[in-house]
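Here's the structure we're looking at; comments come further down.
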Amino acid sequence: MTGQKQTPPRWHEIYPQGTPQGNDEVKFFRALARHPQYEWRSIGAISKESGLPRGTVEAIVAKYHPMGVIVQSEKNEDSYAYWERVKTKKKKDQSLVKQDQDQRVKKAKKDAADASP
(Lines give C-alpha, C1' and ligand atoms only; values in the text may rest on other atoms or scores of the structure.)
Protein backbone atom coordinates (compact mmCIF):
# COMPACT_ATOMS: atom_id res chain seq x y z
CA MET A 1 0.00 0.00 0.00
CA THR A 2 1.46 3.36 -1.01
CA GLY A 3 -0.45 5.49 1.50
CA GLN A 4 -1.81 7.74 -1.23
CA LYS A 5 -5.48 8.52 -1.17
CA GLN A 6 -7.35 7.03 -4.11
CA THR A 7 -9.59 9.27 -6.15
CA PRO A 8 -13.28 8.39 -6.22
CA PRO A 9 -14.72 6.76 -9.33
CA ARG A 10 -16.45 8.86 -11.97
CA TRP A 11 -20.22 8.55 -11.79
CA HIS A 12 -20.61 7.46 -15.41
CA GLU A 13 -18.30 4.50 -14.78
CA ILE A 14 -20.34 3.05 -11.91
CA TYR A 15 -24.01 3.95 -12.29
CA PRO A 16 -26.46 1.16 -13.29
CA GLN A 17 -26.67 2.03 -16.98
CA GLY A 18 -29.78 0.94 -18.89
CA THR A 19 -31.99 0.53 -15.82
CA PRO A 20 -34.76 2.76 -14.43
CA GLN A 21 -32.51 3.49 -11.42
CA GLY A 22 -29.66 4.36 -13.78
CA ASN A 23 -31.91 6.72 -15.73
CA ASP A 24 -32.73 8.58 -12.51
CA GLU A 25 -29.04 8.74 -11.61
CA VAL A 26 -28.18 10.23 -15.02
CA LYS A 27 -30.74 12.99 -14.41
CA PHE A 28 -29.33 13.53 -10.93
CA PHE A 29 -25.69 13.82 -12.03
CA ARG A 30 -26.54 16.09 -14.95
CA ALA A 31 -28.30 18.46 -12.54
CA LEU A 32 -25.45 18.22 -10.02
CA ALA A 33 -22.35 18.28 -12.16
CA ARG A 34 -23.09 19.93 -15.47
CA HIS A 35 -24.67 23.27 -14.62
CA PRO A 36 -22.06 25.87 -15.60
CA GLN A 37 -23.18 28.44 -13.03
CA TYR A 38 -23.31 26.29 -9.90
CA GLU A 39 -20.62 24.23 -8.23
CA TRP A 40 -22.65 23.41 -5.10
CA ARG A 41 -26.29 22.38 -5.40
CA SER A 42 -28.95 21.92 -2.73
CA ILE A 43 -31.15 18.83 -2.60
CA GLY A 44 -34.10 21.03 -3.61
CA ALA A 45 -32.28 22.52 -6.61
CA ILE A 46 -31.17 19.10 -7.83
CA SER A 47 -34.73 17.80 -7.44
CA LYS A 48 -36.20 20.76 -9.32
CA GLU A 49 -33.71 20.72 -12.19
CA SER A 50 -33.68 16.94 -12.62
CA GLY A 51 -37.44 16.47 -12.21
CA LEU A 52 -36.81 13.76 -9.62
CA PRO A 53 -38.71 13.57 -6.32
CA ARG A 54 -36.77 14.81 -3.31
CA GLY A 55 -36.73 11.30 -1.80
CA THR A 56 -35.08 9.90 -4.93
CA VAL A 57 -32.44 12.65 -4.84
CA GLU A 58 -31.76 11.92 -1.16
CA ALA A 59 -31.43 8.19 -1.90
CA ILE A 60 -28.90 8.86 -4.67
CA VAL A 61 -26.92 11.15 -2.35
CA ALA A 62 -26.97 8.42 0.32
CA LYS A 63 -25.65 5.92 -2.22
CA TYR A 64 -22.80 7.99 -3.70
CA HIS A 65 -21.70 10.22 -0.80
CA PRO A 66 -19.96 7.40 1.13
CA MET A 67 -17.98 6.55 -2.03
CA GLY A 68 -16.71 10.12 -2.28
CA VAL A 69 -18.40 10.66 -5.65
CA ILE A 70 -20.53 13.39 -4.09
CA VAL A 71 -19.01 15.87 -1.64
CA GLN A 72 -21.02 17.64 1.06
CA SER A 73 -20.43 21.34 1.60
CA GLU A 74 -18.72 22.30 4.85
CA LYS A 75 -20.67 25.59 4.90
CA ASN A 76 -24.16 24.29 4.06
CA GLU A 77 -25.09 20.73 4.98
CA ASP A 78 -27.90 20.68 2.37
CA SER A 79 -25.49 21.38 -0.51
CA TYR A 80 -23.49 18.87 -2.49
CA ALA A 81 -21.06 18.89 -5.40
CA TYR A 82 -19.54 16.37 -7.77
CA TRP A 83 -16.02 15.54 -6.55
CA GLU A 84 -14.28 16.46 -9.80
CA ARG A 85 -15.68 20.00 -9.72
CA VAL A 86 -14.36 20.77 -6.24
CA LYS A 87 -11.27 18.56 -5.89
CA THR A 88 -8.72 21.27 -6.67
CA LYS A 89 -10.30 23.75 -4.29
CA LYS A 90 -10.23 21.52 -1.23
CA LYS A 91 -7.58 22.65 1.24
CA LYS A 92 -4.99 20.20 2.37
CA ASP A 93 -5.08 19.27 6.02
CA GLN A 94 -2.48 21.15 8.00
CA SER A 95 -1.27 20.77 11.52
CA LEU A 96 -2.03 23.58 13.95
CA VAL A 97 1.67 24.41 14.10
CA LYS A 98 1.83 24.83 10.30
CA GLN A 99 -1.36 26.91 10.27
CA ASP A 100 0.04 29.15 13.02
CA GLN A 101 3.34 29.53 11.18
CA ASP A 102 1.58 30.44 7.93
CA GLN A 103 -0.56 33.04 9.69
CA ARG A 104 2.49 34.59 11.37
CA VAL A 105 4.40 34.79 8.09
CA LYS A 106 1.40 36.33 6.34
CA LYS A 107 1.00 38.91 9.12
CA ALA A 108 4.71 39.74 9.08
CA LYS A 109 4.62 40.29 5.31
CA LYS A 110 1.55 42.51 5.63
CA ASP A 111 3.12 44.52 8.45
CA ALA A 112 6.33 44.95 6.42
CA ALA A 113 4.35 46.10 3.38
CA ASP A 114 2.34 48.56 5.49
CA ALA A 115 5.52 49.97 7.09
CA SER A 116 7.32 50.64 3.81
CA PRO A 117 6.92 54.15 2.32
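The values are calculated or read from the model by the stated rules, or taken from the named source; none is laboratory data. Computed from a predicted model, the values in this text were never measured in an experiment. Backbone-built Cβ (ideal geometry, glycine too); neighbour counts: all protein chains shown.
Just a few scattered comments:
- Residue, modelled with the lowest pLDDT, within region 19-52, restricted to residues that are polar (S, T, N, Q) and not in a helix (DSSP H, G or I): T19
- Residue in region 44-53 that is of a type in the set (V, I, T) and free of Cβ contacts under 8 Å to residues at least 40 places away in the same chain present: yes
- Restricting the first member to region 19-31 and to residues that are in contact (Cβ under 8 Å) with a residue 12 or more places away in the chain, and the second to residues that are outside any helix (DSSP H, G or I) and surrounded by 14 or more Cβ atoms within 10 Å (Cβ to Cβ), the beta-carbon pairs closer than 6 Å and six or more apart or on different chains are D24/L52; E25/Y15; K27/L52.
- Among the residues of region 1-18, the one identified as within 20 Å of S79 (Cα to Cα) and in a helix (DSSP H, G or I) is W11.
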